[in-house]
1. Could you tell me which of the residues 66, 85 is touching a Leu at 6+ places or on another chain (Cβ under 9 Å), among the acidic types (Asp, Glu) and open to solvent by 30 Å² or more (accessible area, probe 1.4 Å)?
2. Identify the single condition in (1) in a helix (DSSP H, G or I); (2) open to solvent by less than 30 Å² (accessible area, probe 1.4 Å); (3) hydrophobic (A, V, I, L, M, F, W, C); (4) within 28 Å of residue 116 (Cα to Cα) that residue 53 does not satisfy, given that it satisfies every other one.
3. Out of 42, 47, I need the residue that is within 17 Å of residue 130 (Cβ to Cβ), assigned to a helix (DSSP H, G or I), touching a Lys or Arg at 6+ places or on another chain (Cβ under 8 Å) and not aromatic (Phe, Trp, Tyr). Which one?
4. Is it true that some residue in segment 96-117 is over 13 Å from the mean Cα position of the chain (by Cα), closer than 22 Å to residue 30 by Cα and open to solvent by less than 20 Å² (accessible area, probe 1.4 Å)?
5. When you scan segment 1-46, how many residues do you find that are closer than 23 Å to residue 118 by Cα and either of a type in the set (A, V, I, L, M, F, W, C) or open to solvent by 40 Å² or more (accessible area, probe 1.4 Å) (or both)?
6. With segment 57-156 as the region, which helices (runs of 4 or more DSSP H) entirely inside it contain at least 3 residues that are at pLDDT 95 or above and over 19 Å from residue 23 (Cβ atoms)?
Amino acid sequence: MDARINFYGNAVAAKVAKYINSAGKAVADTSLPAATQELVKIRASQINGCGFCLDMHTKDAAAAGETSLRLNLVAAWREATVFTEAERAALELTEEGTRLADGSGVSDETWANAAKHFDEEQLSALVSLVALINTYNRLNVITRQPAGDYQPGQFG
């Protein structure tokens, strides 16, 4: 499969990506746990069908020490016993924040559950991360960026 455009080699796209990546760095540098950040990126990417991001974030998570068991169960996190309550709250918020077109938005119950586990800085990071990964997913899905060749840490 070939990408529709070379999004990462195009001057306009590169400029946009620079700003999105800066926002991603701001989130990565918060106290929101790195493992939670990767789980959020993986779950949103599963929902959005973004192979490029799934390839990247599963490999980055594994390289950072995430277990294959947990990576394999992200899609079924509700039934899995391997996630903490905080991670489950983040995954729930991710799903509702990703599926906005379904009409219900993020419920007060989901928000309250996340707020039990994360402070205001972490909640801000979590909301921003959900928005960012959805942006990345859309860019990659629209342009049909191929998956499978990513190497952990490839983008720095």
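1. One residue alone meets the criteria, 66.
2. (4)
3. On the way: 42 fails: touching a Lys or Arg at 6+ places or on another chain (Cβ under 8 Å).
Just one listed residue meets the conditions, 47.
4. yes
5. Filtering segment 1-46 down to residues closer than 23 Å to residue 118 by Cα leaves 22-45.
When the remaining residues are screened for being either of a type in the set (A, V, I, L, M, F, W, C) or open to solvent by 40 Å² or more (accessible area, probe 1.4 Å) (or both), the result is 22-23, 25-29, 31-35, 39-40, 42, 44.
Within segment 1-46, residues that are closer than 23 Å to residue 118 by Cα and either of a type in the set (A, V, I, L, M, F, W, C) or open to solvent by 40 Å² or more (accessible area, probe 1.4 Å) (or both) number 16.
6. Numbers: elements: 68-73, 85-98, 108-117, 120-142.
Per the criteria, 68-73, 85-98, 108-117.
The values are calculated or read from the model by the stated rules, or taken from the named source; none is laboratory data. From a predicted model like this one, the values you see are computed outputs, not experimental measurements. Note that each Cβ is placed from the backbone with ideal geometry, even for glycine, and that neighbours are counted across all protein chains shown. Remember, those area values only see protein heavy atoms, side chains included, never the ligands or the DNA or RNA. Shrake-Rupley method; radii C 1.70, N 1.55, O 1.52, S 1.80 Å.
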